Amino acid sequence: VQLQASGGGLVQAGDSLRLSCAASGRTFSSYTMGWFRQAPGKERVFVVSISWSGSTFYADSVKGRVTVSRDNAKNTVYLQMNSLQPEDTAVYFCAARESGVSVFGYWGHGTLVTVSS
């Protein structure tokens, strides 16, 4: 599967942004999808995942401000981010994990989100 994230940009603190990740492949609906982010000078960290059935798991750092969703008919997963803060500045990556596999094996190139104070 190939992944392409989009929707990043420069926003101000308190703004909202929705990222999209378009996936190729006929088996998109069977994958668990995830969002990760990498802030400048830091390691990439987990943000949220959504299973094929819609079950979600959020990192504590984003709970209450971020919502993940997926549209299997469009092969797309979304990341709605609200009340953005400068510490949310990062490159956001989407990833896919096959059923029965414990790691995310497919990654997109990422989209940059910059939050100014």
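Pick from A39, A96, A90, A22: which is within 15 Å of L3 (Cβ to Cβ) and open to solvent by less than 30 Å² (accessible area, probe 1.4 Å)?
On the way: A39 fails: within 15 Å of L3 (Cβ to Cβ); A90 fails: within 15 Å of L3 (Cβ to Cβ); A22 fails: open to solvent by less than 30 Å² (accessible area, probe 1.4 Å).
Selected residue: A96, the only one of A39, A96, A90, A22 that is within 15 Å of L3 (Cβ to Cβ) and open to solvent by less than 30 Å² (accessible area, probe 1.4 Å).
Return a yes/no flag: does the stretch 92-103 have any residue that is more than 15 Å from V113 (Cα to Cα), of a type in the set (S, T, N, Q) and without any contact (Cβ under 8 Å) to a residue 12 or more places away in the chain.
Yes, because at least one residue in the stretch 92-103 is more than 15 Å from V113 (Cα to Cα), of a type in the set (S, T, N, Q) and without any contact (Cβ under 8 Å) to a residue 12 or more places away in the chain.
Taking strands (runs of 3 or more DSSP E) that fall entirely within the stretch 67-117, which contain at least 2 residues that are in contact with a Phe, Trp or Tyr (Cβ under 7 Å, 6 or more places away or on another chain) and under 21 Å from V11 (Cβ atoms)?
Passing ranges, in order: 90-97, 111-116.
The values are calculated or read from the model by the stated rules, or taken from the named source; none is laboratory data. Small disclaimer: the values here were computed from a predicted structure and weren't measured. Because the Cβ atoms are built from the backbone with ideal geometry, glycine has one as well, and the counts that use them run over all protein chains shown. SASA here: full protein model, heavy atoms, side chains in, ligands and nucleic acids out. Shrake-Rupley method; radii C 1.70, N 1.55, O 1.52, S 1.80 Å.
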